[in-house]
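Engineer: Could you have a look at this structure, given as structure tokens, before my questions?
The values are calculated or read from the model by the stated rules, or taken from the named source; none is laboratory data. All values reported here derive from a predicted model rather than from experimental measurement. Methodologically, a virtual Cβ is constructed for each residue, glycine included, from the backbone with ideal geometry; neighbour enumeration extends over all protein chains shown. Keep in mind that these areas ignore ligands, DNA and RNA; they rest on the heavy atoms of the full protein, side chains included. Shrake-Rupley method; radii C 1.70, N 1.55, O 1.52, S 1.80 Å.
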Amino acid sequence: RPRQVRLVVPIAVAFSPGSVPGDLPRPLPFRDVQEMEITVNLRTSVTSHYEMVYRGTTAQEEAALAAATAREADAALRPLQDVSMGSLTMYVVPETSSLLPQGISVYVGKHRSALVRAGGSLAALQARLQQVTQLMSFTATSMAAALSDRVPDGRLSPDARRYLKSSLGYEITFSLLNPDPKSHAVDWDIEGAVNCYVKPVLDKLSLVANFSVDSQILYYAVLGVTPRYDKESSSFLLSTHSLPHVINPVEARLGSSAASLYPVLNFLLYVPERSHSPLYIQDKDGAPVSTNAFHSPRWGGIMVYNVEASASPQASLPLHVDVDMARVMEVFLAQLRLLFGLSREELPAEFLLESPGNEGLADWELDHLLWAHTVENIATVSTTLTSLAQLLDKIGNIVIKDDVASEVYRAVASVQSAVAKLGKGHLYSAFQASKEAVTSSERAFFDPSLLHLLYFPDDQKFAIYIPLFLPMAVPILLSLAKIVRETRQRKKEPTKMD
């Protein structure tokens, strides 16, 4: 059960010369443990267990820390550290170090390490380290989001239900909506853009789930809302409160989610018709949104792509439009990060995070996803098996086949293995075990031999069998009654004596 989950994060804290606090309790190296209880509800809590190893830097690490910039130091340190998933390395540099820019006390690299400026006392340093480790592994908020089905509504952050649920796979659909093909002939190099911008991100995310990508062009597909004309700017505006009404009419044309086994993420590029151009999206304060796009939690995102009006009114229609895919993909990838809960908001001012580059997410962000999905998978399996047990208890005469029983045993064993591996700090193998548990528990729950029995209650059985047996039962019962009557009469009659 999730209430017994203990998340162990192995952390190495390496002090470079001149950065060791004066109030260390004992000489380096030494171990320390910090525990934190994350309460989800009255019955479920997650224990985070940080296993800290404090040590001095090696000669090779000191050479790497002598680099000119933090980025170069991060790249040089990569081969020298523990690269197993879920583990972190913190390099403490002296307060006077020029590696970190002015006003920055923490630099988070794009792998699994951070540079931290020494902060005087050990207590001050530990407070700073705790902030960094939570950012790079998991926070109480990310655990609450992972277990959102078990958290009381009032205690959930507004973002908790925005993130995609953990799944074994996701389908991504890119759609170009051209409502006015008579005016605009739109070309987009979606294949090239997917290979260039999306593939590196999905290659990295392939550890988390399987992804499939497809694209389509829809003609005469219009938004469900008529935009408002603004005289001052001579443009058309979509306000925040009208955005939810945009999706439903468009979704009816997409047609992909109905046949899909996995959650579908829709990314729509909308080229407004000539009569509604240019079209801008407003935020809640009435200001235009810089990206001219919006996202819908657990669904996807829509970007409005305005076509430059032709200077000469005699220009022949349709106008040829080549979509700037770099600009479009930058928006869609930012929305993809939001859907997976990887937004980098609410960071302290003294934190500097390295850009992950074209991979779209840093190694520690991948770990962040694995922590959350592993805990969510364990909770999902627990719920599925409990529901299955309750359903089977209600049906007294059900026959459970051996292969269903073995799937249940496999699911339980995999969950126990996932919990045990989390307790040892082996994140990746724990995640794999949790995925196997989800697969087995769903196979058991949706097994065809159980399905028709689960939805076949007793009153339905009577409704089917009574019309079959009643016509046969009536003559049999009448014959039995006649036999009983004759037997009684025979007993009453005195036996004749000769």
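Engineer: Of everything in the stretch 64-95, what is outside any loop (DSSP other than H, G, I, E, B) and small (Gly, Ala, Ser)? Give them in sequence order.
Structural biologist: Within the stretch 64-95, 64, 70, 73, 75, 76 meet the criteria.
Engineer: Here's a follow-up. Suppose we filter 401, 421 for residues that are among the basic types (Lys, Arg), open to solvent by 60 Å² or more (accessible area, probe 1.4 Å) and either farther than 18 Å from residue 146 by Cβ or touching an Asp or Glu at 6+ places or on another chain (Cβ under 7 Å) (or both); which single one remains? Lay out the reasoning, then the answer.
Structural biologist: Numbers: 421 fails: either farther than 18 Å from residue 146 by Cβ or touching an Asp or Glu at 6+ places or on another chain (Cβ under 7 Å) (or both).
The match here is 401.
Engineer: May I ask you to say which residue of 166, 183 is of a type in the set (Ser, Thr, Tyr), modelled with pLDDT under 90 and either open to solvent by less than 10 Å² (accessible area, probe 1.4 Å) or farther than 23 Å from residue 333 by Cβ (or both)?
Structural biologist: Among 166, 183, only 183 is of a type in the set (Ser, Thr, Tyr), modelled with pLDDT under 90 and either open to solvent by less than 10 Å² (accessible area, probe 1.4 Å) or farther than 23 Å from residue 333 by Cβ (or both).
Engineer: Another question, if that's okay. In the set 201, 250, 246, 222, which member is hydrophobic (A, V, I, L, M, F, W, C), closer than 30 Å to residue 287 by Cβ and within 21 Å of the chain's Cα centre (by Cα)?
Structural biologist: Step by step, each of 201, 250, 246, 222 is checked, and only 201 is hydrophobic (A, V, I, L, M, F, W, C), closer than 30 Å to residue 287 by Cβ and within 21 Å of the chain's Cα centre (by Cα).
Engineer: Could you list, in sequence order, the residues of the stretch 107-132 that are among the polar types (S, T, N, Q), at pLDDT 85 or above and surrounded by fewer than 21 Cβ atoms within 10 Å (Cβ to Cβ)?
Structural biologist: Filtering the stretch 107-132 down to residues among the polar types (S, T, N, Q) leaves 113, 121, 126, 130-131.
In the following step, the residues that additionally are at pLDDT 85 or above were identified as 113, 126, 130-131.
Of everything in the stretch 107-132, those that are among the polar types (S, T, N, Q), at pLDDT 85 or above and surrounded by fewer than 21 Cβ atoms within 10 Å (Cβ to Cβ) turn out to be 126, 130, 131.
Engineer: Return the only residue of 321, 331, 375, 399 being more than 24 Å from residue 86 (Cα to Cα), at pLDDT 90 or above and of a type in the set (Val, Ile, Thr).
Structural biologist: Values: 321 fails: at pLDDT 90 or above; 375 fails: more than 24 Å from residue 86 (Cα to Cα); 399 fails: at pLDDT 90 or above.
Every option except 331 fails the conditions.
Results for (1) more than 27 Å from residue 438 (Cα to Cα); (2) of a type outside the set (D, E, K, R); (3) touching a helix residue (DSSP H, G or I) at 6+ places or on another chain (Cβ under 6 Å); (4) open to solvent by 30 Å² or more (accessible area, probe 1.4 Å), shown as yes or no for each residue.
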| site | (1), (2), (3), (4) |
| --- | --- |
| 336 | no, yes, no, no |
| 349 | yes, yes, no, yes |
| 353 | yes, yes, no, yes |
| 356 | yes, yes, no, no |
| 369 | no, yes, no, no |
| 374 | no, yes, yes, no |
| 381 | no, yes, yes, no |
| 386 | no, yes, no, yes |
| 391 | no, yes, yes, yes |
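Engineer: Counting just the residues of the stretch 3-49 that are within 29 Å of residue 382 (Cβ to Cβ) and among the hydroxyl-bearing types (Ser, Thr, Tyr), which one comes out most open to solvent (accessible area, probe 1.4 Å)?
Structural biologist: 39
Engineer: Under 9 Å between Cβ atoms, which residue pairs at least 6 apart in sequence (or on different chains) link something in the stretch 207-218 that is under 24 Å from residue 432 (Cβ atoms) with a partner that is of a type in the set (D, E, K, R)?
Structural biologist: Taking only residues 6 or more apart or on different chains, the pairs are 209/435; 211/171; 212/171; 213/171; 213/199.
Engineer: I would also like to ask the following. Among the listed residues 262, 197, which satisfies the condition of being more than 24 Å from residue 183 (Cβ to Cβ), assigned by the TED database to the domain that holds residue 321, assigned to a helix (DSSP H, G or I) and of a type in the set (Phe, Trp, Tyr)?
Structural biologist: 197
Engineer: Which residues, taken from the stretch 338-347, are open to solvent by 20 Å² or more (accessible area, probe 1.4 Å) and either more than 23 Å from residue 138 (Cβ to Cβ) or assigned to a helix (DSSP H, G or I) (or both)?
Structural biologist: 338
Engineer: Something else now. Filter the stretch 1-32 for residues that are at pLDDT below 90 and basic (Lys, Arg) and give the result.
Structural biologist: 1, 3, 6, 26
Engineer: Hey, another quick one. What tally of residues in the stretch 381-421 results from selecting those that are of a type in the set (D, E, K, R) and either part of a loop (DSSP other than H, G, I, E, B) or more than 30 Å from the chain's Cα centre (by Cα) (or both)?
Structural biologist: 5
Engineer: If you don't mind, another one. Of the residues in the stretch 253-278, how many are open to solvent by less than 70 Å² (accessible area, probe 1.4 Å), at pLDDT 85 or above and within 27 Å of the chain's Cα centre (by Cα)?
Structural biologist: Total satisfying the criteria: 8.
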